[in-house]
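Novice: Would you mind keeping the following structure in view while I ask a few things?
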């Protein structure tokens, strides 16, 4: 063992209730491939299951995928569950649609957003909102979209 490497023993959990281990690169690589999630169905008997990833919204903005003209709306949408959105703004719905489209494109791996469009399908509002919710808080956010 190198002199500069401190052995990890008795790692104290900081933000969880169980012993922790360092996340391996293999685990991160698996996560990068995405996870399979069920979203609201396209229609009765037509489930929508997709491989997705949780994109960085800051990276989307930095790369220009969320245009500067939409950054204020995006910021309002991503903070306080959208409570900062200005309902009196006539462009708000159009801006929200554009932002959600960018998020769906960055989230869907298989099928991709483009493949869904090429198949002549359009994501429903419930599906778009479920995808957006997933990007913000993970799979837990999808419980509210489950039909009992």
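The values are calculated or read from the model by the stated rules, or taken from the named source; none is laboratory data. The structure displayed is predicted, hence computed values, not measured ones. So basically every Cβ, Gly included, is an ideal-geometry build from the backbone, and we count neighbours across all protein chains shown.
Novice: On the basis of being under 12 Å from the mean Cα position of the chain (by Cα) and modelled with pLDDT of 90 or more, does residue 135 make the cut?
Specialist: Details: under 12 Å from the mean Cα position of the chain (by Cα): yes; modelled with pLDDT of 90 or more: no.
Criteria not met by residue 135.
Novice: Within region 119-126, can one find any residue that is modelled with pLDDT of 95 or more and under 16 Å from the mean Cα position of the chain (by Cα)?
Specialist: yes
Novice: Check 65, 38, 54 and return the single one that is in a loop (DSSP other than H, G, I, E, B), modelled with pLDDT of 90 or more and surrounded by 10 or more Cβ atoms within 10 Å (Cβ to Cβ).
Specialist: Working: 65 fails: modelled with pLDDT of 90 or more; 38 fails: in a loop (DSSP other than H, G, I, E, B).
Exactly one residue qualifies, and that residue is 54.
Novice: Sort out which residues of region 13-35 are surrounded by 11 or more Cβ atoms within 10 Å (Cβ to Cβ) and farther than 24 Å from residue 56 by Cα, and write them in order of number.
Specialist: 20
Novice: Let me ask another. Please work out if residue 114 is touching a helix residue (DSSP H, G or I) at 6+ places or on another chain (Cβ under 9 Å), free of Cβ contacts under 8 Å to residues at least 60 places away in the same chain and closer than 17 Å to residue 43 by Cα. Don't jump to the end; show me each part of the working.
Specialist: Working: touching a helix residue (DSSP H, G or I) at 6+ places or on another chain (Cβ under 9 Å): yes; free of Cβ contacts under 8 Å to residues at least 60 places away in the same chain: yes; closer than 17 Å to residue 43 by Cα: no.
When the stated conditions are applied, residue 114 does not pass them.
Novice: Given the conditions (1) in contact with a helix residue (DSSP H, G or I) (Cβ under 6 Å, 6 or more places away or on another chain); (2) modelled with pLDDT of 75 or more, and given that residue 46 satisfies all but one, which numbered condition is not satisfied?
Specialist: (1)
Novice: Every residue in region 34-65 that is in contact (Cβ under 8 Å) with a residue 12 or more places away in the chain, closer than 19 Å to residue 109 by Cβ and more than 14 Å from the chain's Cα centre (by Cα), please.
Specialist: Within region 34-65, 40, 42, 48, 49, 65 qualify.
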